[in-house]
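The values are calculated or read from the model by the stated rules, or taken from the named source; none is laboratory data. In this text the structure is predicted, and so the values were computed from the model without any measurement. Positions of Cβ are generated from backbone atoms using ideal geometry, with glycine treated the same way; all protein chains shown enter the neighbour counts. We work out accessible area using only protein heavy atoms, side chains counted, and drop any ligands, DNA or RNA first. Shrake-Rupley method; radii C 1.70, N 1.55, O 1.52, S 1.80 Å.
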Amino acid sequence: MNGKVERFFGTLKRSLDRWHVADIAMLQRALAQFQFFYNHVRPHENLDGQTPVEAWEGIDPYAKKPKQVRYIECWDGLLTGFYIRR
């Protein structure tokens with residue numbers, strides 16, 4: 001479990017180091033966006049290409065056609081990917 005938390009914070013730090021945060025309200029919005037991106041958009045190598053939500057809920061991303069695919073861009077383009085709603 002500790003390795004997973006360290007990986008999460010490593011990814012967060014690398015992203016925050018390249019982005020300017022003006023105030024606490026902006027930081028709170030940015031952290032909510034990052035949480036969504038990390039758990040729902042970004043595929044993880046150690047989860048065989050699944051997102052954490054897919055792995056947690058036992059969803060096979062290749063079993064059914066997605067209901068919706070939406071391109072996500074946050075943090076002035078630092079976080080990009082596809083949100084696939086199943």
Inset, instruction - Give the residues of the range 70-86 that are closer than 18 Å to Leu27 by Cβ and either surrounded by 11 or more Cβ atoms within 10 Å (Cβ to Cβ) or under 10 Å from the mean Cα position of the chain (by Cα) (or both), sorted by residue number. - result: Cys74, Trp75, Leu78, Leu79
Inset, instruction - Check whether at least one residue in the range 45-66 is over 16 Å from the mean Cα position of the chain (by Cα), open to solvent by 40 Å² or more (accessible area, probe 1.4 Å), modelled with pLDDT of 85 or more and among the basic types (Lys, Arg), and report yes or no. - result: yes
Inset, instruction - Just need a number here: residues in the range 33-86 that are closer than 19 Å to Arg18 by Cα, in contact (Cβ under 8 Å) with a residue 24 or more places away in the chain and β-branched (Val, Ile, Thr). - result: 1
